[in-house]
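Peer 1: One structure, as structure tokens, below. Some questions next.
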Amino acid sequence: MMKAGVIGIGLIGGSIARDLRALGNKVSGYDINTMHCEQALDLNVVDVIETPDEMARNCQVIIVAVPVKATVAVVIELLDKISWKTTILDTCSTKQTICDSLRHHPKRGRFVASHPLAGTEFSGPKAAITGLFAGKKNIICEEHLSDEDALDAAFEVLEAVKLQNLFMDPEAHDRHMAYVSHISHVSSFMLGTTVLDIEEDEKQIHNLASTGFASTVRLAKSSPETWSNIFFDNAENIVTALDSYIEHLQKFRDAIDRKDEGEMKKMMVRANEIRRVLNGMKYNAIKLS
């Protein structure tokens with residue numbers, strides 16, 4: 001059993017806390033939003049509320065699950081205060097900035113750069129659920145800069161919540177995430193905006209929206225604060241991904257405008273190949289579990 005601290009008691013931090021508590025670990029929490037602290041206690045997401053300073057003194061492991069723009073400052077403040085026996089890991093959706101910022105910190109070895117690939121469109125302590133991470137992937141970056149015992153402590157947490165760990169350098173992580181995650185959120189946000197602009201009669205949106213529309217626009221319900229942080233921090237990679245996406249959209253738009261059914265079918269058949277990729281991911285997940 002361990003004493004763990006979670007800073008940022010939202011969907012990700014709260015779900016980690018729930019899983020750790022379910023295994024009998026003592027978990028303290030902290031959130032800059034005092035209402036989130038109250039909700040986390042009321043919902044039994046954490047055992048107790050502690051300040052980051054108290055966590056630095058009392059916890060073996062501290063999980064930092066705050067917005068991207070706040071993560072570096074929070075982690076640096078913790079590294080400055082913890083002992084050499086405490087481990088810090090983050091959950092940031094981007095990794096280049098935080099890894100670059102911490103690379104020369106005297107206690108860099110106590111930090112493990114991680115990114116659990118799991119989530120929903122909801123936020124806050126009420127969104128925290130047990131089992132969110134089961135069978136999902138977690139990316140660890142620059143593991144060679146983390147102390148061996150710090151990695152062991154991080155693995156204990158990550159494996160306790162049933163994440164499968166993979167290793168990647170920060171630049172590759174951010175580039176790939178721009179294509180497989182970040183662009184999906186951009187697309188969903190802008191689809192929602194487009195429909196709201198065109199269809200002013202919200203009653204008709206409700207009446208006519210199918211499950212296809214609901215699933216495509218689901219991510220547009222995600223936290224703007226969280227995702228504006230991510231888009232800002234990974235802007236270069238996301239713009240590159242968007243340029244390619246817009247190019248394909250323009251080609252498909254032109255094919256529709258020309259009533260070129262053959263070209264439309266050709267592009268959609270090519271897109272259907274994503275099924276093979278996703279089926280391969282499911283197969284690999286089954287093999288690893």
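The values are calculated or read from the model by the stated rules, or taken from the named source; none is laboratory data. Not measured: the values here are computed from a predicted model. Neighbour counts run over all protein chains shown; Cβ positions are idealised from the backbone, glycine included. SASA here: full protein model, heavy atoms, side chains in, ligands and nucleic acids out. Shrake-Rupley method; radii C 1.70, N 1.55, O 1.52, S 1.80 Å.
Peer 1: Just give me the residues in region 236-262 being without any contact (Cβ under 8 Å) to a residue 24 or more places away in the chain and either outside any helix (DSSP H, G or I) or open to solvent by less than 40 Å² (accessible area, probe 1.4 Å) (or both), in sequence order.
Peer 2: Ala255, Arg258, Lys259, Asp260
Peer 1: If we keep just the residues of region 190-217 that are at pLDDT 75 or above and open to solvent by less than 40 Å² (accessible area, probe 1.4 Å), which is nearest to Lys137 (Cα to Cα)?
Peer 2: For region 190-217, the residue satisfying everything is Val217.
Peer 1: Of all residues in region 80-92, which are open to solvent by 10 Å² or more (accessible area, probe 1.4 Å), of a type in the set (S, T, N, Q) and out of contact with any Gly (no Cβ under 9 Å at 6 or more places or on another chain)?
Peer 2: Ser83 - this is the single residue of region 80-92 that is open to solvent by 10 Å² or more (accessible area, probe 1.4 Å), of a type in the set (S, T, N, Q) and out of contact with any Gly (no Cβ under 9 Å at 6 or more places or on another chain).
Peer 1: Could you please find all residues in region 132-148 being in contact with a strand residue (DSSP E or B) (Cβ under 8 Å, 6 or more places away or on another chain) and over 25 Å from Lys85 (Cβ atoms)?
Peer 2: Within region 132-148, Phe133, Gly135, Lys136, Lys137, Ile139 qualify.
Conditions (1) more than 13 Å from the chain's Cα centre (by Cα); (2) aromatic (Phe, Trp, Tyr); (3) more than 19 Å from Phe231 (Cβ to Cβ), marked per residue:
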{"site": "Lys85", "(1), (2), (3)": "yes, no, yes"}
{"site": "Cys92", "(1), (2), (3)": "no, no, no"}
{"site": "Asp100", "(1), (2), (3)": "yes, no, no"}
{"site": "Glu121", "(1), (2), (3)": "no, no, no"}
{"site": "Ala128", "(1), (2), (3)": "yes, no, yes"}
{"site": "Gly135", "(1), (2), (3)": "yes, no, yes"}
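Peer 1: Identify all residues within region 43-53 that are open to solvent by 20 Å² or more (accessible area, probe 1.4 Å) and either touching a His at 6+ places or on another chain (Cβ under 6 Å) or not polar (S, T, N, Q) (or both); write none if there are none. Can you show your working first?
Peer 2: Restricting attention to region 43-53, the residues satisfying the condition of being open to solvent by 20 Å² or more (accessible area, probe 1.4 Å) are 43-44, 47-53.
Result: Leu43, Asp47, Val48, Ile49, Glu50, Pro52, Asp53.
Peer 1: Can you tell which of Ala40, Ala56, Ala17, Ala22 is closer than 17 Å to Phe111 by Cα and either touching a His at 6+ places or on another chain (Cβ under 7 Å) or small (Gly, Ala, Ser) (or both)?
Peer 2: Ala56
Peer 1: Another question, then. Could you please give the count of residues in region 25-49 that are in a loop (DSSP other than H, G, I, E, B), over 21 Å from the mean Cα position of the chain (by Cα) and of a type outside the set (A, V, I, L, M, F, W, C)?
Peer 2: Here the count works out to 3.
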